[in-house]
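K.L.:
Below: one structure in structure tokens.
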Amino acid sequence: MPVEYGEHCAVSTLGDVYSLGILLLEMFTGRSPTDDMFKDSLDLHKFAEAALPNRVVEIADPAIWLHEEAMDVDAASSAMARSRIECCLVSVTGLGVSCSKQQPRERMPMRDAAMEMRAIRDAFLVAASSPN
């Protein structure tokens, strides 16, 4: 729940954007905002933000790699798939962080977040369908 809701502010689409950002971070890190590791000033948003862009793979949910490992592909194809997934993870984690900023005015509008999600999906699919 966005901080502003606890301060008795009206429900808004910027609150929805915050929730979307947290949901994306939960899905791609496999961690809940109530995870025991989040104590003191560390929270899911700060955890993900600190990993951008070079350490996103380290915080990614290990389940993301299960499909890749199950595929019987050569080393070059596997490296390309891993690179494509890593690029997607950086993009989606960045979007999650951008949407879950503490201050509502710092969050992107929902329309922009939806466009960004589609762009990330499309870039991933185009890369996946291109020949090696």
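The values are calculated or read from the model by the stated rules, or taken from the named source; none is laboratory data. In this text the structure is predicted, and so the values were computed from the model without any measurement. Heads up, the Cβs are rebuilt from the backbone with ideal geometry, glycines too, and the neighbour counts pull from every protein chain shown. Accessible surface is based on the protein model in full, side chains and every heavy atom, while ligands, DNA and RNA are left aside. Shrake-Rupley method; radii C 1.70, N 1.55, O 1.52, S 1.80 Å.
K.L.:
Scan the stretch 75-103 residue by residue and report those that are over 24 Å from Ala51 (Cβ atoms) and either open to solvent by less than 50 Å² (accessible area, probe 1.4 Å) or among the charged types (D, E, K, R) (or both).
P.N.:
Ser77 - this is the single residue of the stretch 75-103 that is over 24 Å from Ala51 (Cβ atoms) and either open to solvent by less than 50 Å² (accessible area, probe 1.4 Å) or among the charged types (D, E, K, R) (or both).
K.L.:
Go through the stretch 24-60 and give me each residue that's exposed (fewer than 13 other Cβ atoms within 10 Å of the Cβ), closer than 17 Å to Ser91 by Cβ and among the acidic types (Asp, Glu).
P.N.:
Answer for the stretch 24-60, where residues must be exposed (fewer than 13 other Cβ atoms within 10 Å of the Cβ), closer than 17 Å to Ser91 by Cβ and among the acidic types (Asp, Glu): just Glu58.
K.L.:
Hey, could you check the stretch 106-115 for residues that are part of a helix (DSSP H, G or I) and touching a residue at least 40 places away in the same chain (Cβ under 8 Å) and say which is least open to solvent (accessible area, probe 1.4 Å)?
P.N.:
By that ranking, first place goes to Ala113.
K.L.:
Just a yes or no: is a residue in the stretch 65-78 out of contact with any His (no Cβ under 6 Å at 6 or more places or on another chain), part of a helix (DSSP H, G or I) and either among the aromatic types (Phe, Trp, Tyr) or at pLDDT 90 or above (or both)?
P.N.:
Yes; the residues of the stretch 65-78 include at least one that is out of contact with any His (no Cβ under 6 Å at 6 or more places or on another chain), part of a helix (DSSP H, G or I) and either among the aromatic types (Phe, Trp, Tyr) or at pLDDT 90 or above (or both).
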